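To keep things clear, I will list the structure first and then write my remarks on it.
The values are calculated or read from the model by the stated rules, or taken from the named source; none is laboratory data. Everything numeric here is computed off the predicted structure, so don't read it as measured data. Here the Cβ positions follow ideal geometry from the backbone for every residue, glycine too, while neighbour counts run over all protein chains shown. Ligands, DNA and RNA are stripped out before the accessible areas are found, and what is left, the full protein with its side chains, is counted by its heavy atoms. Shrake-Rupley method; radii C 1.70, N 1.55, O 1.52, S 1.80 Å.
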Amino acid sequence: MSLNSPQSGTTTKSESANVQWGGRFAGGPSEIMMAINTSIGFDKALWRQDIRGSLAHAAMLAHVGIISPEDEAAIRAGLNEIGQEIEAGRFDFSEALEDIHMNIEARLSDRIGEAGKRLHTARSRNDQVATDFRLWVRDAIDGLDQQVASLMRALARRASEHAADPMPGFTHLQTAQPVTFGHHLMAYVEMLARDRGRLADTRRRLNECPLGSAALAGTSFPIDRRMTASALAFDRPTANSLDAVSDRDFALEYLSALSIMAMHLSRFAEEIVIWCSSPFSFIRLSDAFTTGSSIMPQKRNPDAAELVRAKTGRITGSLVGLLTVMKGLPLAYAKDMQEDKEPVFAATDAAALSLAACDGMVRDMTANTAQMRALAGSGYSTATDIADWLVRVLRVPFRTAHHVTGRLVAKAEEKGVGLAELSLADMQAEEPGITEDIYTVLSVDASIASRTSEGGTAGDNVRAQAARWLAALDNTATPDTHS
């Protein structure tokens, strides 16, 4: 938007002077300064947290006798009314007042007079914004945690449905060994559980209250920081006032956790794209999560999955951007840190939408189990089962068994047949000790059923893991992955 555009909210110098600054500055900032300095366009998203923090601060000021109970009551009523105004869309956000903190404080003074001007006693915008931002990130984590749990639940339910349905397992995107579709889906449950754990770790570390650190050195007023910390459901006050106002580790750690989660979602989205493609046709998505082509009427494009894959760039870009903002800042606060919120807000929106899309696709997709079964045995996927049989039954060293199996695969390729179609004579030509019993391990179902080791793909394993996770998720817990 042009600075001269009538929609840009530009004001004259006299109009734009921030009355909250008091007597230090006689003139107002230039239009360019207004444009680069103002943050109300995005930080108004913090209004709930700002009001909540101010309510706690006012209650503490009254409790320790810094303001009167009457002033505190007026402040409380005024802030609650302002919250209702914002909720109803009747609040006039002013660019001249720069940010959400100044906007709310100015409106409070307009409503209740002198009492409103006492609210900012013993605090600074530095500790105020640090507190608001921690509250916002904490709220965002709580919301995303529920979304991650919902996606895990959807995956575990589908995994339980397909616990014994074979599909090809891949390494290097080449057929490796048969697994079950349920086992494959449960791999993402484990990934998301770690994502959920990282978000919980971030929440625990950020849950310290900066309020009362003031600008950077603390305050001379006899405040009770533990009271405000408790009122805002923080575990404790921050220990160092300099660190409190300059720390954005919590935002960086949050973006890091989101970036790892986005990478997991992107991997899943990539697999959905592959599974939907005609050469694979492992699953089908309905019209709810696909789009058509402008010229090819037969197309059903998995655009939801592709966009989840793409949003990873937005999220990881937010992390790199904020790391770059913070990397050279001396203590304590610098205005550079105003650039902390937009990437966090944008990454949160992208993560929430990606989780919702993945959740929807998991619930929507229909598995083509016949196609998956048909391809599960392709590419000599039971070759490892021959090697295992040679070791287990004939006591052949595994490396020798590996070579024997390799020769059998080469012979099957030469004849243009599967391993199960080689004659006993063909097999005995490579290893005389082979008996008819070897054919019992060459089917896809037998291969899968044999993988009973902990964490393996056997159907009973998958059903048990899916049931365990569903029970844990119903209890809103994240169990130890290895318990």
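Some notes on this structure:
- Residue, nearest to the chain's Cα centre (by Cα), within the stretch 210-242, restricted to residues that are among the β-branched types (Val, Ile, Thr) and under 14 Å from ALA56 (Cα atoms): THR228
- Residue count, the stretch 226-256 (criterion: basic (Lys, Arg) and either touching a residue at least 40 places away in the same chain (Cβ under 8 Å) or closer than 22 Å to LEU323 by Cα (or both)): 1
- Index of the failed condition, ILE51 passing every other in (1) touching a Gly at 6+ places or on another chain (Cβ under 8 Å); (2) within 28 Å of ASP359 (Cβ to Cβ); (3) outside the structural domain of GLY212 (by the TED database); (4) hydrophobic (A, V, I, L, M, F, W, C): (2)
- Test result for MET34, exposed (fewer than 15 other Cβ atoms within 10 Å of the Cβ), among the aliphatic types (A, V, I, L, M), at pLDDT below 95 and touching a helix residue (DSSP H, G or I) at 6+ places or on another chain (Cβ under 9 Å): no
- When the helices (runs of 4 or more DSSP H) confined to the stretch 175-264 are screened for residues that are open to solvent by less than 30 Å² (accessible area, probe 1.4 Å), those reaching at least 3 such residues are found at 181-206, 241-246.
- Residues of the stretch 72-89 classified as open to solvent by less than 60 Å² (accessible area, probe 1.4 Å) and either of a type in the set (Gly, Ala, Ser) or not assigned by the TED database to the domain that holds GLY53 (or both), total: 5
- Every condition in (1) open to solvent by less than 50 Å² (accessible area, probe 1.4 Å); (2) outside the structural domain of VAL148 (by the TED database) holds for ASP359 except the one numbered (2).
- Any hit, the stretch 150-163, residues being under 21 Å from GLY377 (Cβ atoms) and assigned by the TED database to the domain that holds LEU258: yes
- Residues of the stretch 275-291 classified as outside any strand (DSSP E or B), surrounded by 13 or more Cβ atoms within 10 Å (Cβ to Cβ) and either without any contact (Cβ under 8 Å) to a residue 40 or more places away in the chain or among the aromatic types (Phe, Trp, Tyr) (or both), total: 6
- Condition met for VAL409 (outside the structural domain of GLY182 (by the TED database), under 30 Å from ARG157 (Cβ atoms) and open to solvent by less than 50 Å² (accessible area, probe 1.4 Å)): no
- Considering the stretch 48-104, the residues that are among the β-branched types (Val, Ile, Thr) and part of a helix (DSSP H, G or I) include one that is nearest to TRP136 (Cα to Cα), namely ILE51.
Yes or no, residue by residue, for (1) modelled with pLDDT under 95; (2) loosely packed, with under 12 Cβ neighbours inside 10 Å; (3) more than 21 Å from the chain's Cα centre (by Cα); (4) closer than 30 Å to GLN371 by Cα:
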{"site": "SER293", "(1), (2), (3), (4)": "yes, yes, yes, yes"}
{"site": "PRO297", "(1), (2), (3), (4)": "yes, yes, yes, yes"}
{"site": "ILE315", "(1), (2), (3), (4)": "no, no, no, no"}
{"site": "GLY321", "(1), (2), (3), (4)": "no, no, no, no"}
{"site": "LYS335", "(1), (2), (3), (4)": "yes, yes, yes, no"}
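- Of residues in the stretch 373-383 being among the hydroxyl-bearing types (Ser, Thr, Tyr) and open to solvent by less than 50 Å² (accessible area, probe 1.4 Å), the one farthest from PRO279 (Cα to Cα): THR382
- Among the residues of the stretch 427-445, those identified as surrounded by 16 or more Cβ atoms within 10 Å (Cβ to Cβ) and within 26 Å of LEU375 (Cβ to Cβ) are MET427, ILE438, TYR439, VAL441, LEU442, SER443, VAL444.
- Close pairs from the stretch 98-117: first on the phi > 0 side of the Ramachandran plot, partner open to solvent by 50 Å² or more (accessible area, probe 1.4 Å) and not acidic (Asp, Glu), Cβ under 9 Å, at least 6 apart: GLU98/GLN20
- Which numbered condition ALA164 fails, given (1) under 23 Å from GLY459 (Cα atoms); (2) in contact (Cβ under 8 Å) with a residue 60 or more places away in the chain; (3) under 18 Å from the mean Cα position of the chain (by Cα): (3)
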